[in-house]
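The structure appears below as C-alpha cells.
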Amino acid sequence: MKRSSKSNPDQTTGQGGELQQQAGAGHPQLTTQQGIVIPDNQNSLRAGARGPSLLEDFILREKITHFDHERIPERIVHARGSGAHGHFVLSKSLKKYTTAKVLGETGVKVPVFVRFSTVAGGAGSVDTPRDVRGFAIKFYTEEGNWDLVGNNIPVFFIQDAMKFPDLVHAVKMEPDRGFPQAASAHDTFWDFVSLMPETMHMVMWAMSDRTIPRSLRMIEGFGVHSFRLINDKGESTFVKFHWRPQLGIQSNVWDEAAKLQSADNDYHRRDLFEAVEAGNFPAWDLFVQLFTQEQADQLPYDHLDATKLIPKR
Ligand code: HEM
C-alpha cells in the first residue's frame, strides 16, 4: 500500500492541497489543508497494484470532499439577480432622529451596491415573469456596512417567518414535475393563498402591473419592516424606507412581457447593463416615513405586521 511519488511536487493544488513555504526549506511544499507535507496528491492508496481505493486515504478523501463542496448552492429565493455599483448622497439630515452618520451628514458620497432580483425563479431563469422584485442595497459607510433589504412592494405575504418555507415551497415549481419555474400561476401557490388569508393584501399587489416591470430602473423599493432610529439622546423613532425611481414606475402589459420573455431571457439584466454602460445611470430618491410609538399605538393594527402598510397622509 504505497503512494507513488512519480508526480511533480511543485504542481499547484487547486483541490485539496496547499502549497506552503516551509521554514528553512526554501522551496514550496505540497501539504494537506491541515498543513501535513505530502509527496503528491495525484495517486490514491490502493489495496495492491490494481486493488480498490482505500477509505483510509485521507488525502484522497480531503481532495474529493473539497471538490464536492466547491460550488456555493443556489439561493432558495432571489436566486436570479442583477446588480450595479453606485453612490448615495444624503440631501436632508436626519440627525435629529439618528446617530448613524450615513443618515446625518448631508452631501457625503457613500458607495453603495444594489442587487435587484426575482424571487421564485432559479439563477438561470428569465427576467420577465410576473414576480415580486427584490431591491437590496448595501451601503459601505465609514461606520460599517449597512444592508437595507427591500422589495418593490410595500407589504409581504405572511406575518410569521415560520410560514416562509411553506410559502416558498408553494410558489416554487411543483415537486412532482419541476415546473412551472419562476411563476405563481399554479396550484400549489393558490392552495397556499387560499389557506392563508393574511396573503391577500400582497396578492393584490403581486397581481398588479408592478410585478411585470418594464425595467429594473423603473421599480420602487420598500424596506417593508418598521426599523428604529435612535438619536444621541436615546430617543427612538420608527422608520420605513421607500425608494422611488427618478424615471417613474413603469410596467409592461402582460402581452409585452410574454413576448419579451421569448425574445430575450436577459431583458432586465441587459437593460440595466446597457444603460449603465451608456452612462444613463439610474437614480432613486430615498424617502423615510417616520412615526412615534404614540402614533403607532393609534393604528388599528400592529405596525410590525408585514402584511400592513402605513398609509401616506
Ligand atoms: C418571513 C419573512 C422572510 C423570510 C423568512 C425571508 C427569507 C429570505 C431568505 C432565506 C433569503 C435568501 C438569502 C440567501 O440565500 O442569500 C431572502 C432573500 C431576500 N429577501 Fe427575504 N425573507 C422574508 C421577507 C422578506 C421581505 C419582507 C423582504 C422585503 C423587504 C425580503 C426581501 C428579500 C430580498 C431582496 C432578498 C435577496 C437579497 C439579495 O439580493 O442579496 N424578504 N429572504
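Summary table
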read-out	value
Whole-Å semi-axes of the stretch 181-313's equivalent ellipsoid (Cα gyration tensor)	32, 24, 11
Simple spin-label estimate for Arg115 and Glu70 in nanometres, 7 Å along Cα-Cβ	2.2
Max mean-square fluctuation residue, GNM over the chain, Cα-Cα springs under 10 Å, options Gly223, Gly178, Gly150	Gly178
Coil-residue trypsin sites (Lys or Arg not before Pro) of the stretch 133-199, DSSP, other Cβ within 10 Å capped at 10	Arg177
Listed residues Glu62, Glu294, Glu277, most fluctuating in the chain (Gaussian network, C-alpha, under 10 Å)	Glu62
Shape category assigned to the stretch 12-156 from the gyration tensor of Cα positions, a/c cut at 1.5	oblate
Cα gyration tensor shape of the stretch 90-142, rounded if a/c is under 1.5, else prolate or oblate by comparing a/b with b/c	prolate
Projected label distance in nm at Ala161 and Phe227, using a 7 Å step from Cα toward the beta-carbon	1.7
Which of Met218, Met207 has the fewest Cβ neighbours within 10 Å, and the rest in rising order	Met207, Met218
Computed Kirkwood radius, in angstrom, where 1/r is averaged over Cα pairs of the stretch 176-235	15.1
Overall Cα dimensions of the stretch 81-298, principal axis frame, Å, largest first	57, 46, 27
Lys101-Arg50 pseudo-label distance in nm [points 7 Å out on the Cα-to-Cβ vector]	7.1
Residue of Asn152, Asn280, Asn265 that the Gaussian network model of the chain assigns the largest fluctuation, springs spanning Cα pairs under 10 Å	Asn280
Reachable lysines from Lys92, criterion Cα separation under 19 angstrom, eight or more residues apart if same chain	Lys101, Lys109, Lys240
Trypsin sites (Lys or Arg not before Pro) lying in DSSP loop within the stretch 223-253, provided at most 11 other Cβ fall within 10 Å	Lys233
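No lab work stands behind these numbers, since they all come straight from the coordinates. From a predicted model like this one, the values you see are computed outputs, not experimental measurements. For neighbour counting, all protein chains shown are included, and Cβ atoms are generated from backbone atoms with ideal geometry for every residue, glycine included.
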